[in-house]
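Reading through the structure tokens given below for one structure.
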Ligand code: OAD
């Protein structure tokens, strides 16, 4: 199956990859819906919302500070590095990620479509301006916006919030024109990101899924690899290299 996908890659001009928390799992970043996704007794859905922040901003910041600390200590894994090779294979390559951990960038990829923002940014909960001057946030004394005096919040997209419109528009454009689309390490449950592979497939792309567990997307995938991305992606890189040499 790897050889077949490698052959298809060689024939494709436009490649798109969508990643989710699973690509960073082997770096030690907990996924959202896995066993390790809980913090204290809370599920991410209970904390990653504007209502949670308005009700108890200190608690939400405590969680984000914990996640920031964790993310600052982890490194990209072989899956992230393997994806850097993808940009050499296609005339037009696009990486779309739901992750806020910045590990794709750390691995060396630029021009990433970040659907859910970046955890290291602080933005104003009122006017949404980014404040680059404040780095650490004290949950007991949350820094406020210099412009409007509202509290700063993390620069990520929360449940129930709109995604950055330019980023989602560009993501759909790329998905709809893709020859081959890879869905890697995402539970394919959170919309609108989950609609991207479907849009790609409906517009004629070959759909490849890499995930140790089946998802709602699996039945639609042309190729499904029940594997960890940190193991499978380097194997795919090797298969493409072999194909190029053969
Ligand atoms: P989830 O936690 O929902 O799903 C992670 C997926 O990765 C699961 O399907 C796992 O089976 C898979 N997985 C685990 N280990 C893996 C590995 N080593 N290799 C490959 N796959 C692996 O995370 P997302 O799909 O990213 O949104 O969740 C989507 C969004 O929901 C997140 O961006 C976040 C979350 O709440 C917001 O914060 C708005």
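What follows draws every value from the coordinates through simple rules; no lab data is involved. Since this is a predicted model, take the numbers as computed values, not measurements. Reconstructed Cβ throughout: ideal geometry from the backbone, glycine too, with neighbour counts over all protein chains shown.
General remarks:
- Calculated FRET efficiency for the pair residue 56/residue 161, C-beta based, R₀ 25 Å, to 0.05: 0.90
- Here the convex hull built on the C-alpha positions of the range 134-211 has a volume of 141 cubic angstrom per residue.
- Rg/Rh for the chain, where both radii come from Cα atoms and Rh is the Kirkwood radius: 0.99
- DSSP-defined antiparallel bridges as percent of all bridges, the range 1-136, nearest 5: 20 percent
- Degrees separating the helix 2-11 axis from the principal Cα axis of the chain, which is the longest one: 90 degrees
- Under a Gaussian network description of the chain, with springs only between Cα atoms under 10 Å, the residue in 133, 171, 72 that fluctuates furthest is 133.
- With the highest mean first, a sort of the peptides 48-57, 173-182 on other beta-carbon atoms found within 10 angstrom per residue produces 173-182, 48-57.
- Expected 222 nm ellipticity per residue - DSSP helices of 4 or more, -39500 (n - 2.57), all of the chain, to 500: -10500 deg cm²/dmol
- The GNM of the chain, with springs linking C-alpha atoms under 10 angstrom apart, assigns the highest mean-square fluctuation among 64, 42, 224 to 42.
- Note that the range 4-114 shows a convex hull volume over its alpha carbon atoms of 117 Å³ per residue.
- Of the beta bridges in the chain, as assigned by DSSP with both residues counted there, near 25 percent are antiparallel.
- Dmax and Rg, reported as Rg then Dmax, of the range 103-246 (C-alpha, Å): 19.0, 63
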